[in-house]
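Heads up: the structure comes next, in structure tokens.
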Amino acid sequence: MAKKLQLGFDIKAGTLTELGDKPNGEKIVSYLSDFKGQRYFNIRAIYAGADGKWLPGKGLAVPANMMGMICQGISQLDTNYTNVTPIKAA
């Protein structure tokens, strides 16, 4: 069983999902949070703070009612990834 992460920020209980690890030691997670009366769906890097608790880093937060659309878009991208042609910067 994986060790439960100690977080240094508030999320809705039971909503944290670990998606992967970055080479620099950060973790990519998804979770639900509340801010100013609104619920948000987050996909975010978290990093270990000096006290050992995980803190939020760079990421994406969208209104929770968009979660299904975001997940569907990611699934579509994953399905079509082998057909993607890289875009070169100008």
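Values in this text are rule-based calculations from the coordinates and carry no lab data. Source: prediction; values computed, not measured. Methodologically, a virtual Cβ is constructed for each residue, glycine included, from the backbone with ideal geometry; neighbour enumeration extends over all protein chains shown.
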Of Pro56, Pro63, the only residue that is farther than 18 Å from Lys4 by Cα and not small (Gly, Ala, Ser) is Pro63
Taking segment 3-25 and keeping only residues that are exposed (fewer than 13 other Cβ atoms within 10 Å of the Cβ) and among the small types (Gly, Ala, Ser), one is left with Ala13, Gly14, Gly20, Gly25
Selection within segment 1-17 - more than 21 Å from Asn65 (Cα to Cα) and touching a residue at least 12 places away in the same chain (Cβ under 8 Å):
Ala2, Leu5, Gln6, Leu7, Gly8, Phe9
